[in-house]
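The values are calculated or read from the model by the stated rules, or taken from the named source; none is laboratory data. Keep in mind that what you see is a predicted model, and the values were worked out from it rather than measured. In this analysis, Cβ positions are derived from the backbone assuming ideal geometry, glycine residues included, and neighbour counts consider all displayed protein chains.
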Amino acid sequence: MNRFSVESKIALLEERVPAALELLKDCTVCPRECRVDRVEGEVSHCGVDARLKVSSANLHHGEEPPISGPRGSGTIFLSGCNLKCVYCQNYPISQLRHGEYMTTGEVARRMILLQERKAHNINFVTPTHYVPQLMESMLLAYRQGLELPIVYNSSGYDKVDTLKMLDGIVEIYMPDMRYASAENSKCYSDADNYPEINRMAIKEMFRQVGDLQLNGMGVATQGLLIRHLVLPNQISGSKAIFDFLANEVSTGTYISLMSQYFPAYEAYSIESLKRRLKRGEYKEALDAFEESGLYNGYIQPYWG
């Protein structure tokens with residue numbers, strides 16, 4: 001049986017969902033391991049309890065080409081985040097937690113509606129802190145006839161044990177790789193272990209799905225796609241990230257290299273982040289990509 005068939009997904013989810021939901025009572029879903037009882041309404045770093053909070057669910061044509069395709073990606077933007085990025089460009093959703101509460105059944109219905117609108121996939125944006133609830137939603141949706149692949153679109157600050165619960169269920173992983181330096185990840189996202197956690201997560205994602213695979217329309221069907229936002233003043237550590245991917249993951253890894261940084265949220269008051277990226281800084285990242293041995297990339301034009 002195809003490991004990503006609807007039948008196999010239902011079987012895996014039926015087996016795993018009860019244990020996953022139990023994690024919310026003493027929450028260890030993400031690397032923070034806050035151990036609050038989200039079922040009883042307690043919150044910690046991610047800012048949300050056990051209820052699913054959704055900012056939007058719609059067709060999105062602005063994702064990477066193999067994710068959006070010609071018909072659009074069925075994106076479900078989730079409120080809250082387990083990182084505290086001071087420059088977050090989606091801060092009303094991630095930090096201010098704008099959105100509406102939905103049951104897992106309501107989220108499942110949104111997934112079906114997106115399929116009816118011909119979305120290429122279901123794309124969960126910032127899903128890390130909601131994995132158990134989303135697993136339940138997926139189970140309900142697949143029972144109702146969902147057939148689309150799942151895109152796990154995260155900050156990359158994901159716990160390996162939690163990712164293992166998604167093995168055989170998520171076809172496409174699209175995580176960020178934000179920092180190579182613990183000092184920078186602590187300073188700008190309040191997570192000094194981000195580089196270590198991130199690299200372990202990337203290896204697990206690759207173990208599950210391998211290099212990105214595209215169909216005849218150029219739309220992703222399975223695999224890993226890394227997003228890398230280049231930050232001013234070499235804060236991202238692009239060279240070290242590309243070298244890690246080339247040497248420890250796969251030279252075939254697809255990279256989305258982004259120049260779109262602009263000061264947002266609290267970045268205007270931070271000297272190192274209060275300006276846009278310079279052309280020369282982006283060229284350094286491009287050179288590092290080319291020198292690393294990686295050869296698959298979606299290179300954003302310099303925004304400046």
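General remarks:
- One residue stands out in the range 214-225 among those that are touching a residue at least 60 places away in the same chain (Cβ under 8 Å) and crowded, with 21+ Cβ neighbours inside 10 Å: the one that is farthest from Asp176 (Cα to Cα), namely Ala220.
- For the range 58-114, filtered to residues that are under 27 Å from Glu136 (Cβ atoms) and among the β-branched types (Val, Ile, Thr), the residue that is surrounded by the most Cβ atoms within 10 Å (Cβ to Cβ) is Ile76.
- Within the range 26-41, the set of residues being loosely packed, with under 15 Cβ neighbours inside 10 Å and out of contact with any Lys or Arg (no Cβ under 7 Å at 6 or more places or on another chain) comprises Glu33, Arg35, Glu40, Gly41.
- Cβ-Cβ under 7 Å pairs, at least 6 apart or on other chains, the range 1-28 side of a type outside the set (Val, Ile, Thr), far side part of a helix (DSSP H, G or I) and exposed (fewer than 13 other Cβ atoms within 10 Å of the Cβ): Met1/Glu7
- Within the option set Pro195, Pro263, being modelled with pLDDT of 95 or more, of a type outside the set (D, E, K, R) and in a helix (DSSP H, G or I) holds for one residue only, Pro195.
- Residue pairs meeting the criteria (Cβ under 6 Å; at least 6 apart or on separate chains; first closer than 12 Å to Asn198 by Cβ, in the range 237-256; second outside any strand (DSSP E or B) and of a type in the set (S, T, N, Q)): Gly237/Ser181; Leu245/Thr253
- In the range 286-304, residue modelled with the lowest pLDDT [restricted to those that are assigned to a loop (DSSP other than H, G, I, E, B) and in contact with a strand residue (DSSP E or B) (Cβ under 7 Å, 6 or more places away or on another chain)]: Gln300
- Within the range 145-155, restricting attention to residues that are touching a residue at least 60 places away in the same chain (Cβ under 8 Å) and in a loop (DSSP other than H, G, I, E, B), the residue that is nearest to Phe244 (Cα to Cα) is Ser155.
- Filter pass, Lys239 being part of a helix (DSSP H, G or I), over 18 Å from the mean Cα position of the chain (by Cα), surrounded by fewer than 17 Cβ atoms within 10 Å (Cβ to Cβ) and of a type in the set (Lys, Arg): no
- Restricting the range 123-141 to residues that are over 17 Å from the mean Cα position of the chain (by Cα) and crowded, with 24+ Cβ neighbours inside 10 Å, the residue that is nearest to Ser94 (Cα to Cα) is Ser137.
- Scanning the range 188-236 for residues that are under 30 Å from Glu266 (Cβ atoms) and among the aromatic types (Phe, Trp, Tyr), we see that the one that is nearest to the chain's Cα centre (by Cα) is Tyr194.
- Selection status of Asn121, touching a Gly at 6+ places or on another chain (Cβ under 9 Å) and more than 19 Å from Glu14 (Cα to Cα): yes
- Among the candidates Gly168, Gly223, residue that is touching a helix residue (DSSP H, G or I) at 6+ places or on another chain (Cβ under 6 Å), small (Gly, Ala, Ser) and not in a loop (DSSP other than H, G, I, E, B): Gly223
- Screening Tyr282 on (1) touching a helix residue (DSSP H, G or I) at 6+ places or on another chain (Cβ under 8 Å); (2) within 18 Å of Tyr87 (Cα to Cα) shows it passes everything except condition (1).
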